[in-house]
1. Give just the number: which of (1) surrounded by 22 or more Cβ atoms within 10 Å (Cβ to Cβ); (2) closer than 24 Å to PRO124 by Cα; (3) touching a helix residue (DSSP H, G or I) at 6+ places or on another chain (Cβ under 8 Å) does VAL205 not satisfy?
2. Tell me which of these ARG267 doesn't satisfy, since it passes every other one: (1) in contact (Cβ under 8 Å) with a residue 60 or more places away in the chain; (2) closer than 21 Å to LEU198 by Cα; (3) not β-branched (Val, Ile, Thr).
3. Of all the residues that make up region 174-191, how many are out of contact with any Lys or Arg (no Cβ under 9 Å at 6 or more places or on another chain), within 12 Å of ALA147 (Cβ to Cβ) and surrounded by fewer than 21 Cβ atoms within 10 Å (Cβ to Cβ)?
4. Which members of region 223-265 meet the condition of being within 13 Å of ILE208 (Cα to Cα) and aliphatic (A, V, I, L, M)?
5. Evaluate region 135-153: report whether one residue or more is within 14 Å of the chain's Cα centre (by Cα) and over 28 Å from LEU79 (Cβ atoms).
6. Tell me, please, whether a residue that is touching a strand residue (DSSP E or B) at 6+ places or on another chain (Cβ under 7 Å) and part of a loop (DSSP other than H, G, I, E, B) can be found in region 268-276.
7. From the set of residues in region 141-177 that are among the aliphatic types (A, V, I, L, M) and not in a helix (DSSP H, G or I), which is farthest from GLY87 (Cα to Cα)?
Amino acid sequence: MKPHKVKPMEIGVINSMEREENIFTHVAEFGLKVCHLVNWNEKIWTNAWAERVKWESEETDVRVCALWAGVPGPAVWNLVDGPKTLGLVPPRYRNRRINALKRAADFAKKIRVPAIITHCGFIPELTTHPYYEGAIEAIREVAGYCAGQGIEFWFETGQETPVTLLRAIEDIGTNNLGINLDPANLILYGKANPVDALDVFGKYVKNIHAKDGLYPESGRELGKEVPIGRGKVNFPGLLKKLKNLGFKGEIIIEREISGPEQVNDIRRAVKDLSRWVSILK
C-alpha cells in the first residue's frame, strides 16, 4: 500500500464506511483526498473489511486520517436524555462500549490510521459526581489499549465544557490523547465559543470537523445545525487561531443531513474553506 501525501490543513469530508460502491467515491466526487471514516457497526471491523478499505483507499488515492467509532446501545442526542445514554459516562453501557472501542482500535491498526475518535459523553463537570471517576477510568482503559496498538485516542468535542475536557485529559494521563474539535458542537450544546475554547485546550487539537450551528433555544434540545458560514462559528477567526497555535491537522467537513442539499452544502463548504485557508498562507 503506497503512502498518501499529507498536506497541512487539508480539507476533507466525513465518509461512511458502509457503502455498496467504492467506499471513497463520496470523498472523491468533491475532488477531496482525505476523510474521517465513520462506522457504528462493530460487526464489520474484520480483516476482510480492512483489506477492502486499504485497497479502495489506494485505488481512489483517498487518505483516512482517523476512524470515527460509534458504540453500541442507545444514543439520544439532546440535553436531557443525552447524559444518560451517550458515550462512556453512563455506567449501564460502559463495559460493552469499552470492548467495542478496543475492537475499533484493532481495526484502526489494520487499516493503518493514526487514531480513533468518539464522543465520550457528557463528562461531569464536578469531579465528585458519581459518574466521574468511572468515566475517567473507562477512557483511560481505552486510551491505554490504543497506545498498545500504536494509535491515539481523540475526543470529539461538544458534550462537555472546554475546561472539563482539559481536566479529563489531565486526569486520564496517557500520552496519546487528542481532540477532534467540532466547533459547531460547542455551540449546539451551548458549551462554549469555539474560538475562545482554543485558549483552554488548543494544544490538544489534532483535527477539526468543519460544521456550523446555532445556540440552543431551549434547555432540552440542541441548537440547529446549519450550512457552514450561516451559523455562529467564526471560521476565519478559528482557522487563524489554529494556525497561530501550530495546527497542521485536517479540516473535515460534516453536514448532518442527506440528499442533494447535503451535496450542495458540502461543495459550498469546500470553496469557502479553501478560500479561508488560502488567506492564511
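The values are calculated or read from the model by the stated rules, or taken from the named source; none is laboratory data. In this text the structure is predicted, and so the values were computed from the model without any measurement. Quick reminder, even Gly has a Cβ in these numbers, built from the backbone with ideal geometry, and neighbours come from all protein chains shown.
1. Unmet for VAL205, out of (1) surrounded by 22 or more Cβ atoms within 10 Å (Cβ to Cβ); (2) closer than 24 Å to PRO124 by Cα; (3) touching a helix residue (DSSP H, G or I) at 6+ places or on another chain (Cβ under 8 Å): (1).
2. Every listed condition holds for ARG267 apart from (2).
3. 2
4. VAL233, LEU238, LEU239, LEU242, ILE251, ILE252, ILE253
5. Yes, the conditions are met somewhere in region 135-153.
6. Checking region 268-276: not a single residue is touching a strand residue (DSSP E or B) at 6+ places or on another chain (Cβ under 7 Å) and part of a loop (DSSP other than H, G, I, E, B).
7. ILE151
So that you can scan it fast, the table gives a plain yes or no per residue for (1) buried (at least 16 other Cβ atoms within 10 Å of the Cβ); (2) in contact with a strand residue (DSSP E or B) (Cβ under 8 Å, 6 or more places away or on another chain); (3) modelled with pLDDT of 95 or more:
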{"position": "LYS2", "(1), (2), (3)": "no, no, no"}
{"position": "PRO8", "(1), (2), (3)": "no, no, no"}
{"position": "ILE11", "(1), (2), (3)": "yes, yes, yes"}
{"position": "ILE14", "(1), (2), (3)": "yes, yes, yes"}
{"position": "GLU21", "(1), (2), (3)": "no, no, no"}
{"position": "GLY31", "(1), (2), (3)": "no, no, yes"}
{"position": "CYS35", "(1), (2), (3)": "yes, yes, yes"}
{"position": "ASN39", "(1), (2), (3)": "yes, yes, yes"}
